[in-house]
């Protein structure tokens with residue numbers, strides 16, 4: 001299905017529903033296809049493991065590593081200056 005931008009604004013809920021059901025939804029700008037509306041697929045376990053492996057190989061420099069408590073303390077100190 002192809003639909004122009006103006007009409008798609010009024011029918012967005014319907015278009016999202018159609019895309020979720022597997023229908024191809026193309027939004028056109030003055031009759032020229034511009035974007036395709038597709039469902040978002042959840043990240044797979046493999047994707048998450050790849051990200052963790054990358055993070056293990058590329059750790060933050062020591063100067064940038066802070067504990068959650070250190071971050072909380074820094075935020076609290078900064079917020080005290082707001083008043």
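Quick notes on this structure:
- Selection of segment 1-38 for residues being surrounded by fewer than 10 Cβ atoms within 10 Å (Cβ to Cβ) and in contact (Cβ under 8 Å) with a residue 12 or more places away in the chain yields 30, 31.
- Wholly within segment 1-57, strands (runs of 3 or more DSSP E) carrying at least 3 residues that are at pLDDT 95 or above and touching a helix residue (DSSP H, G or I) at 6+ places or on another chain (Cβ under 8 Å): 25-29
- Enumeration of residues in segment 58-83 that are in a loop (DSSP other than H, G, I, E, B) and exposed (fewer than 10 other Cβ atoms within 10 Å of the Cβ): 58, 59, 60, 61, 65, 67, 81, 82, 83
The values are calculated or read from the model by the stated rules, or taken from the named source; none is laboratory data. Given the structure is predicted, the values throughout are model-derived calculations rather than measurements. FYI the Cβ positions are ideal-geometry reconstructions off the backbone, even for glycines, and counts take in every protein chain you see.
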